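Notes follow once the structure below has been shown.
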């Protein structure tokens, strides 16, 4: 039994699945998986970056969650969905980072998406101070005046950016590789358990061998080749214009269709819709094909991003339950679409009554919400586990017409389900420990090597354990940790000696310097030290005559000549740079210290 399973079963012991009759609800925690806003294409001339459109999308989604979770009002729309469902005890105006969990990766468009979202969730407000940050007492001065945060009360969220060396990256972010024809292209960091998963990547090597995929590939090749001649040749080689790269091609074309008028003239709306459908089909087969196995039969390796996402959702709820609802009130993870696509398949959303809504790829800014709530009772005492419920909500996009809607998952007949039932459903397919992920993925990640001794027993850090690692650390990793600690201790000791013991370090032999190049020797100034100025209190370095720094930004006349032979045996490379001081019209001589010849010593510098 894994640590994750044991923790869930302990919490669920004696839980009842009977439905409560009261309609009074209290939201205790929410976990939101948020797709980043519109960005520039993954495959293009520039690195992917959040666009102003994308920032507006994220701000709008953050504002919607502010209305839902931070408002003190309660009402419902025509479908019975609460527009205002405040989380019990959450700070409404001032960020309390002890109540929030916000995580993303290190990619620019992910981090900035998170920042724009939080600006909508907690906009700037003067006279708003979190009690856990000192409250009004921290803002008020002794004379009675109050100091507000800059920019009209700007809010400062604590956003964790997980790197590929962070063990939390198992649940959120790893380096992603995708199969593109015969080549493997490294993409940017994405949040999802599929990234860095060797078994997942190996399964994609057989993507083209699937008979259905091969049929779609052959039936669409002319479509993509025509698009390549119309648009895609500006960014892609012709060999990549096929169904195997459907998402990358759509990602590029969609951006151009939104921002470039010429593209709209060359590509029809019907062609864009076809590209979108093909991209969704490709990604469902790469990230939601439950029939494909990796190292173990039936491990659903293609849906590993959804398996880790669902387990982390349960883990965050457990953190909130353990704290009695005081922490992890609102948990936000900013991600790419892979966890969305995988979870839609695992939760049976793509085969139910609303399948048509979950087969397309999610739109930029889309959000999945999981809410932990109780029915009836008060909101002053955290309820027992058997009185907790979970519901799933989805909003595909950020346009005003995109509604936040509840859906039933795992084949449940209602849109709400007891927490124990939700947790057990996730246990059926979830990945609850790091060691389990390492085993399923056959990963060579550094932390997987460090946990190699505990992989068999499953006793490794679970997603809900925070920093409490239950897995044994290998001698190799222990050695690295020990070396780091030793260096830190020695560094502290040396620093203490310098600060409190008066110890100073000096150059052992000042004469060891090469005096042929000029420099200091005691208090003397050598003839070649044209850039050194003296003051009574000592010496300082100063550019007093160098043409490079005189009148910074002014033009210089630079000439280059390069000669080479075709054969290696006769290769010659010569570079001559002539620099003239245009700031001194009367002195047009060539400055020697700008001249260098490969293979020759520099001449003594001469300054104007």
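The values are calculated or read from the model by the stated rules, or taken from the named source; none is laboratory data. If you're wondering where the values come from, they're calculated on a predicted model, not measured in any experiment. Because the Cβ atoms are built from the backbone with ideal geometry, glycine has one as well, and the counts that use them run over all protein chains shown.
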- line: By residue number, the members of the range 346-358 that are out of contact with any helix residue (DSSP H, G or I) (no Cβ under 6 Å at 6 or more places or on another chain) and either assigned to a loop (DSSP other than H, G, I, E, B) or crowded, with 18+ Cβ neighbours inside 10 Å (or both) are 347, 348, 351, 352, 353, 354
message: Just to check your reading of the model, which residue among 422, 382 is under 20 Å from residue 339 (Cβ atoms) and in the same structural domain as residue 363 (by TED's automatic domain parsing)?
response: 422
Check on residue 278, within 30 Å of residue 34 (Cα to Cα) and in contact (Cβ under 8 Å) with a residue 12 or more places away in the chain: yes
task: Among the numbered conditions (1) farther than 21 Å from residue 422 by Cβ; (2) out of contact with any helix residue (DSSP H, G or I) (no Cβ under 8 Å at 6 or more places or on another chain); (3) modelled with pLDDT of 95 or more, tell me where residue 401 comes up short.
output: (3)
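Every residue, every condition in (1) surrounded by 14 or more Cβ atoms within 10 Å (Cβ to Cβ); (2) under 26 Å from the mean Cα position of the chain (by Cα); (3) at pLDDT below 95; (4) under 27 Å from residue 335 (Cβ atoms), yes or no:
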{"residue": "100", "(1), (2), (3), (4)": "yes, yes, no, yes"}
{"residue": "107", "(1), (2), (3), (4)": "yes, yes, yes, yes"}
{"residue": "117", "(1), (2), (3), (4)": "yes, yes, no, yes"}
{"residue": "120", "(1), (2), (3), (4)": "yes, yes, no, yes"}
{"residue": "123", "(1), (2), (3), (4)": "yes, yes, no, yes"}
{"residue": "133", "(1), (2), (3), (4)": "yes, no, yes, no"}
{"residue": "144", "(1), (2), (3), (4)": "no, no, yes, no"}
{"residue": "147", "(1), (2), (3), (4)": "no, no, no, no"}
message: Against the definition (assigned by TED's automatic domain parsing to the domain that holds residue 381, in contact (Cβ under 8 Å) with a residue 40 or more places away in the chain, out of contact with any strand residue (DSSP E or B) (no Cβ under 8 Å at 6 or more places or on another chain) and surrounded by 16 or more Cβ atoms within 10 Å (Cβ to Cβ)), how does residue 45 come out, yes or no?
response: no
So residue 20, is it in a loop (DSSP other than H, G, I, E, B) and either at pLDDT below 95 or touching a strand residue (DSSP E or B) at 6+ places or on another chain (Cβ under 6 Å) (or both): yes
message: Please go through the range 397-418 and give me each residue that is under 29 Å from the mean Cα position of the chain (by Cα) and surrounded by 22 or more Cβ atoms within 10 Å (Cβ to Cβ), ordered by number.
response: 398, 409
- prompt: Has the range 312-320 got any residue that is over 21 Å from residue 423 (Cα atoms) and surrounded by fewer than 21 Cβ atoms within 10 Å (Cβ to Cβ)?
  reply: no
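For every residue, the table says whether it meets (1) in contact with a strand residue (DSSP E or B) (Cβ under 8 Å, 6 or more places away or on another chain); (2) modelled with pLDDT of 95 or more; (3) exposed (fewer than 15 other Cβ atoms within 10 Å of the Cβ); (4) closer than 19 Å to residue 357 by Cα.
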site	(1), (2), (3), (4)
249	no, yes, no, no
253	no, yes, no, no
273	no, yes, yes, yes
279	no, yes, no, yes
282	no, yes, no, yes
300	no, no, no, no
field: Evaluation of residue 290 against (1) outside any helix (DSSP H, G or I); (2) in the same structural domain as residue 46 (by TED's automatic domain parsing) (one fails), failing number
entry: (2)
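The rows are residues; the columns are (1) in contact with a strand residue (DSSP E or B) (Cβ under 9 Å, 6 or more places away or on another chain); (2) over 30 Å from residue 38 (Cβ atoms); (3) free of Cβ contacts under 8 Å to residues at least 24 places away in the same chain.
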position: 338; (1), (2), (3): yes, no, no
position: 341; (1), (2), (3): no, no, no
position: 345; (1), (2), (3): no, no, no
position: 350; (1), (2), (3): no, no, no
position: 354; (1), (2), (3): yes, no, no
position: 366; (1), (2), (3): yes, no, no
position: 370; (1), (2), (3): yes, no, no
position: 380; (1), (2), (3): no, yes, yes
